[in-house]
Amino acid sequence: MNLRFLETFVCAARLKSFSLAAEKLNTSQAAVSSRIATLETDLGVKLFERDIRGVRLTAVGHSALAKAEDLVRRAADFRQSLADPEAVRGA
């Protein structure tokens, strides 16, 4: 499972749009769609319902969102802790 793909999932879920997520992540809509499709394949679940009006989370997507947000937040905390040498030494 790729952390960037989880970040993409969280962003798309929050914005309810692959195109808005692409804009926020400075990438293409095709890249967002590909990341989400790969994540769904890796996890063996469907996270989004797609139709002509846009995307919406499935029931599994809703339950996965809070856990994905937590993982993304923890990864950001980890990165931040490494940027602060005192925090690493104090651990």
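The values are calculated or read from the model by the stated rules, or taken from the named source; none is laboratory data. What you see is a predicted model, and the numbers here were worked out from it, not measured in a lab. Methodologically, a virtual Cβ is constructed for each residue, glycine included, from the backbone with ideal geometry; neighbour enumeration extends over all protein chains shown. Surface areas here come from the heavy atoms of the whole protein model, side chains and all, with no ligands, DNA or RNA. Shrake-Rupley method; radii C 1.70, N 1.55, O 1.52, S 1.80 Å.
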* Evaluation of THR8 against (1) over 11 Å from the mean Cα position of the chain (by Cα); (2) surrounded by 14 or more Cβ atoms within 10 Å (Cβ to Cβ) (one fails), failing number -> (1)
* Among ARG74, ARG50, ARG14, ARG56, which is open to solvent by 80 Å² or more (accessible area, probe 1.4 Å) and touching a strand residue (DSSP E or B) at 6+ places or on another chain (Cβ under 6 Å)? -> ARG56
* Considering only residues that are of a type in the set (Gly, Ala, Ser) and within 18 Å of THR58 (Cα to Cα), look in segment 17-33 and name the one that is most open to solvent (accessible area, probe 1.4 Å). => SER33
* Asked: Under the condition of being of a type in the set (Lys, Arg) and at pLDDT below 95, which residue from segment 31-55 is farthest from MET1 (Cα to Cα)?
  -> ARG53
* Asked: If we scan segment 77-84, do we find a residue that is within 14 Å of ASN2 (Cα to Cα) and surrounded by 14 or more Cβ atoms within 10 Å (Cβ to Cβ)?
  -> no
